[in-house]
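The values are calculated or read from the model by the stated rules, or taken from the named source; none is laboratory data. Since we're looking at a predicted model, the values are computed, not measured. Heads up, the Cβs are rebuilt from the backbone with ideal geometry, glycines too, and the neighbour counts pull from every protein chain shown. Quick note on the areas: whole protein, heavy atoms, side chains included, nothing else; ligands and nucleic acids left out. Shrake-Rupley method; radii C 1.70, N 1.55, O 1.52, S 1.80 Å.
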Amino acid sequence: QVQLVESGGRSVQAGDSLRLSCAASGRIFSSSFMGWFRQAPGKEREFVAGIRWGNGLTYYHDSVKGRFTISRDKAENTVDLEMNSLKPEDTAIYYCALNRNGLATTATPYGYWGQGTQVTVSS
C-alpha cells in the first residue's frame with residue numbers, strides 16, 4: 001500500500017510562486033508514474049504534470065509548460081511541483097497520484113491519491 005500526503009497549498013497573488021510537495025509512504029517501483037492533478041470547482045480533474053519514477057522523465061499539460069516544474073527525490077520518496085508565474089486560472093485543489101503501470105494523463109489509471117491541497121491565486 002502507498003499513502004500520499006500533499007502539502008504547500010495556500011493563497012497567493014497572480015505572478016507569485018508556490019511549491020507543492022507530496023510525501024509517499026511505501027515502495028514505489030521504477031515503472032511507476034507520479035502525477036499532479038488539479039480540480040477547480042465545477043470542472044473535471046485534469047492532469048497537470050507527471051514524472052516517471054525510475055528515469056525522471058517529465059510530462060506537462062500545455063497550460064503549465066514553462067511555468068511549472070515537477071521533480072522527485074527517490075531517497076526521500078517525495079514529488080514536488082514548483083509553480084511559477086501563477087495565474088488565477090491555476091486556482092484549484094491539487095492532488096498527487098500514483099500509477100503503478102506507467103505514464104497516464106487521465107485520472108482513471110491512478111490507483112493511489114492524496115487528499116489534496118488548495119491553491120488559490122488572486123488577481
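SER30 passes every criterion in (1) in contact (Cβ under 8 Å) with a residue 40 or more places away in the chain; (2) open to solvent by 70 Å² or more (accessible area, probe 1.4 Å); (3) hydroxyl-bearing (Ser, Thr, Tyr) apart from (1).
Look at region 109-121: where a residue is over 8 Å from ALA97 (Cβ atoms) and a partner is open to solvent by 20 Å² or more (accessible area, probe 1.4 Å) and among the polar types (S, T, N, Q), sitting 6+ places away or on another chain with Cβ atoms under 6 Å, you get THR120/SER11; THR120/THR91; VAL121/THR91.
Apart from one condition, GLY42 fits all of (1) touching a helix residue (DSSP H, G or I) at 6+ places or on another chain (Cβ under 8 Å); (2) open to solvent by 70 Å² or more (accessible area, probe 1.4 Å); the exception is (1). Answer with yes or no whether SER11 is open to solvent by 50 Å² or more (accessible area, probe 1.4 Å), among the polar types (S, T, N, Q) and farther than 18 Å from ARG72 by Cβ. Taking the combined requirement at face value, the residue satisfies it. Which of the residues belonging to region 79-104 are surrounded by fewer than 17 Cβ atoms within 10 Å (Cβ to Cβ) and either closer than 22 Å to SER11 by Cα or polar (S, T, N, Q) (or both)? Matches in region 79-104: GLU82, ASN84, SER85, LYS87, PRO88, GLU89, ASN101.
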